[in-house]
Amino acid sequence: MPTTSRRAFLSSVVLSRTLLAGTNTLIASTLSAQSKDWQQVANVARQFDQCHAMMIFQDGQHVFSEVFRGPAIEKAVPIKSVSKTIVAALAGAAIDRGEIPSVKATLGELVPKLIPSKADPKVASISIDNLLTMQAGLERTSGRNYGVWVNSRNWVSDALSRPMVGEPGNGMLYSTGTSHVMGAVLSAVSGKSLLSLARDRLGKPLGIDIPAWTRDPQGRYLGGNEMALTPLGMTRFGEMYLNGGRFNDSQVLSEQWTKQSLVPVTTSVFSGLGYGYGWFIGQSGNTNYALARGYGGQIIGIVPQLNLTFAITSDPTRLARSGGYFGDLQRLIENDLIPVAA
């Protein structure tokens, strides 16, 4: 048996056992779900030496998974900035519980003690939806500013003390610091750590393990990077959004929140994709899709019109720019995955 085929077979066996042991009872494998030519998609993905693995669900059924290289399919892997989409989901959970009154609530109203004295007065007017859509108006902490930010003594204070380079709500400034502030807000209003919130409000109902991850100097879990999930965990998170916030018999997030999250509010200057509450929004022909995207090429994707969910994992140490590897993955999604699923 060729190496790639053998790995696909072993991955499907492991996944079948995992599904049987979890809250889902379906048993599926790459050998029993070939009514569509998923190998056509895999053949394209396999050519990218950065791509590690792919898992696909359609109509609630596992239809394909394969490890091309890298960790085994059952291993939790770094999802990088897909973590921002997890944080956005937890914001929805906090609103569902009344811990945050609405997305229009501001930092000045919710967490005035988090705002440093040296911050621009406009910081108090930054709203929850400004944070979720990366429209805080503050100088970015991502890209070339990331290293300086994570070496600061107080990540929340540093992010909120940066100069205002735009008006809150007026244009996307992708920044991990913005998402980290959102995570700090969630901890403050709930009295729980971001890890506890992720495990209790997402991990338990989805039947997935969420390992502990990086914390800042004040002990807050990083709200926008460094989380890890298995490909199955990634797809279950996507399935939950695809199904209006439900997973099995649990209403994990409100249907209103999941729908609202997938409405583009602003646009990425890098990829040209729309951006909602933690999700990038694109279109292939007449088919809309949403992506949670992380450094290196980590992706959770959902295509509501096709009842399709997929996870792609990649080398987390290498760049994946819109004009490079991420662009390759976007073309894979639009030109191969969506047409096969249709």
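Structure notes:
- Test for Leu232: is it within 30 Å of Arg69 (Cα to Cα), hydrophobic (A, V, I, L, M, F, W, C) and not assigned by TED's automatic domain parsing to the domain that holds Arg69: no
- In region 299-337, the residues that are crowded, with 20+ Cβ neighbours inside 10 Å, more than 16 Å from the chain's Cα centre (by Cα) and either of a type in the set (Ser, Thr, Tyr) or not assigned by TED's automatic domain parsing to the domain that holds Val263 (or both): Tyr325
- Filtering Gln283, Gln218, Gln256 for residues that are assigned to a helix (DSSP H, G or I) and surrounded by fewer than 19 Cβ atoms within 10 Å (Cβ to Cβ) leaves a single hit, Gln256.
- Top-ranked residue of region 162-186 - restricted to ones that are of a type in the set (Ser, Thr, Tyr) and out of contact with any strand residue (DSSP E or B) (no Cβ under 9 Å at 6 or more places or on another chain), ranked as surrounded by the most Cβ atoms within 10 Å (Cβ to Cβ): Ser179
- Summed over region 127-148, the residues that are assigned to a helix (DSSP H, G or I) and crowded, with 20+ Cβ neighbours inside 10 Å give a count of 4.
- Residue in region 105-126 that is buried (at least 23 other Cβ atoms within 10 Å of the Cβ) and in a loop (DSSP other than H, G, I, E, B) present: yes
- Sub-8 Å Cβ pairs linking a first residue in region 269-290 that is within 20 Å of Thr235 (Cβ to Cβ) to a second residue that is assigned to a loop (DSSP other than H, G, I, E, B) and among the small types (Gly, Ala, Ser), at least 6 apart or interchain, are Phe280/Ser268; Phe280/Ser271; Thr287/Ala342; Ala290/Gly276, ordered by first then second residue.
- Selection count, region 67-104, where residues are part of a loop (DSSP other than H, G, I, E, B) and touching a His at 6+ places or on another chain (Cβ under 8 Å): 4
The values are calculated or read from the model by the stated rules, or taken from the named source; none is laboratory data. Quick caveat: nothing in here was measured; it's all calculated off a predicted structure. Cβ atoms come from the backbone with ideal geometry, glycine included; neighbour counts cover every protein chain shown.
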